[in-house]
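S.K.: Sharing a structure below in structure tokens format, with a few things to ask.
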Amino acid sequence: MVLPNQFVGAIVGHPSMRAVIASDVPDVTQVVRTDLRAILVRVVAQTGLSQTRTAKLCATDQPTLSKVLSGRSDSVSTDQLLRWLTHLGCRIEITVEAPRVEGSGAIKACFHE
């Protein structure tokens, strides 16, 4: 999977991205989890660490990490993905911006190098 340098995410109502209805919490959660998984894949690739070493750093087992890295992240929560990213040295920041236009909200997970 090739990721843009600065952005991975979904914007509500933007036609070129996956549409997510903000009031539909399961779909929003799935989008965020999918984006975080893609970010995790990128971070693991950039570190050059083996899955075994990465799993140890993330306080999980290699088979679980392997499943997540291969796209089967349903068994891992958003919270767990955030913890793994911090264990790998990522700084996580959640920002909520003031609304600019009514009904134009967005949900995204960003990766900044």
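The values are calculated or read from the model by the stated rules, or taken from the named source; none is laboratory data. Everything numeric here is computed off the predicted structure, so don't read it as measured data. Note: ideal-geometry Cβ built from the backbone for every residue, glycine included; neighbour counts use all protein chains shown.
S.K.: Is it true that some residue in the range 45-56 is touching a Leu at 6+ places or on another chain (Cβ under 8 Å) and closer than 17 Å to Val32 by Cα?
M.R.: Among the residues of the range 45-56, not one is touching a Leu at 6+ places or on another chain (Cβ under 8 Å) and closer than 17 Å to Val32 by Cα, which makes the answer no.
S.K.: While we're on this one: Return the total of residues in the range 66-84 being part of a loop (DSSP other than H, G, I, E, B) and farther than 20 Å from Ser50 by Cβ.
M.R.: Matching residues across the range 66-84 total 3.
S.K.: Go through Leu40, Leu69 for me and flag whichever is surrounded by 15 or more Cβ atoms within 10 Å (Cβ to Cβ), under 11 Å from the mean Cα position of the chain (by Cα) and of a type outside the set (Gly, Ala, Ser).
M.R.: Leu40
S.K.: Among the residues of the range 89-110, how many are at pLDDT below 75 and surrounded by 10 or more Cβ atoms within 10 Å (Cβ to Cβ)?
M.R.: Qualifying residue count, the range 89-110: 7.
S.K.: Which residue is nearest to Cys90 (Cα to Cα), if the candidates are limited to the range 43-57 and must be under 15 Å from the mean Cα position of the chain (by Cα) and surrounded by 14 or more Cβ atoms within 10 Å (Cβ to Cβ)?
M.R.: Among those that are under 15 Å from the mean Cα position of the chain (by Cα) and surrounded by 14 or more Cβ atoms within 10 Å (Cβ to Cβ), it is Val43.
S.K.: If a residue has to be surrounded by 14 or more Cβ atoms within 10 Å (Cβ to Cβ) and under 13 Å from Arg37 (Cα atoms) to count, how many in the range 77-88 make the cut?
M.R.: Count: 7.
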